[in-house]
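As structure tokens, the structure follows; a few thoughts come after it.
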Amino acid sequence: MDSIFHEKQEGSLCAQHCLNNLLQGEYFTPVDLSSIAHQLDEEERMRMAEGGMASEEYRTFLQQPSGNMDDSGFFSIQVISNALRVWGLELILFNSREYQSLMINPINEKAFICNYKEHWFTIRKLGQQVENSQITPKVGYLSLCVTLLVINFLTTYLCEQQVSSAGPDRDELWCRG
């Protein structure tokens with residue numbers, strides 16, 4: 001690996017930087033993520049309308065701001081998850097039943113997306129190095145990072161390659177790590 005891509009955060013666009021650091025390139029812009037958020041909002045609006053457009057629940061729902069993005073640049077886990085599906089990647093909530101049923105050893109995994117107080121960041125194994133999108137890359141501290149993630153009660157998602165995926169250059173991208 002020639003170099004590690006590390007996009008520094010500008011403004012409150014931590015989800016964008018988290019995704020780009022995970023994928024090791026400038027793949028997502030705020031406009032891309034906003035489009036995904038708007039699509040999710042529309043899907044949610046349509047589901048709520050199924051219960052009746054005249055219902056109090058529907059009218060209350062329409063009055064609320066988006067749960068998928070806000071004016072500060074924050075994007076929800078649903079936006080991040082949908083963005084990663086394009087690349088054939090899926091998120092599994094760390095220590096969920098699904099995670100435990102897979103009997104995953106986190107030390108053997110390539111990437112995690114974490115959230116702490118509405119701030120998204122990536123921890124990714126790249127070759128023999130582990131890159132934390134929050135700090136300067138260090139060598140050999142994935143075990144420590146995963147332990148700290150669990151102890152500090154961060155919301156953590158394992159980023160896994162989907163078996164039946166046909167995302168763009170998926171194998172090349174994921175094998176770089």
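Considering L126, L158, the condition of being in contact with a Gly (Cβ under 9 Å, 6 or more places away or on another chain), of a type in the set (A, V, I, L, M, F, W, C) and at pLDDT 60 or above is satisfied by L126 alone. Considering only the stretch 38-60, I want to know if a residue exists there that is open to solvent by less than 30 Å² (accessible area, probe 1.4 Å), at negative phi and in a loop (DSSP other than H, G, I, E, B). No.
Taking E26 as the residue in question, decide whether it is part of a helix (DSSP H, G or I), of a type in the set (D, E, K, R) and free of Cβ contacts under 8 Å to residues at least 40 places away in the same chain. For E26, the condition - part of a helix (DSSP H, G or I), of a type in the set (D, E, K, R) and free of Cβ contacts under 8 Å to residues at least 40 places away in the same chain - is not met. Among residues of the stretch 82-115 being in a helix (DSSP H, G or I) and open to solvent by less than 20 Å² (accessible area, probe 1.4 Å), the one that is nearest to T155 (Cα to Cα) is Y99.
Every condition in (1) out of contact with any strand residue (DSSP E or B) (no Cβ under 6 Å at 6 or more places or on another chain); (2) at pLDDT 85 or above; (3) open to solvent by less than 60 Å² (accessible area, probe 1.4 Å); (4) not basic (K, R) holds for D70 except the one numbered (3).
The values are calculated or read from the model by the stated rules, or taken from the named source; none is laboratory data. This structure is a prediction, so every number in the text was calculated from the model and none was measured. Cβ sites come from the backbone with ideal geometry, for glycine too, and all protein chains shown count toward neighbours. These area figures cover heavy atoms from the full protein model, side chains too; ligands, DNA and RNA do not enter into them. Shrake-Rupley method; radii C 1.70, N 1.55, O 1.52, S 1.80 Å.
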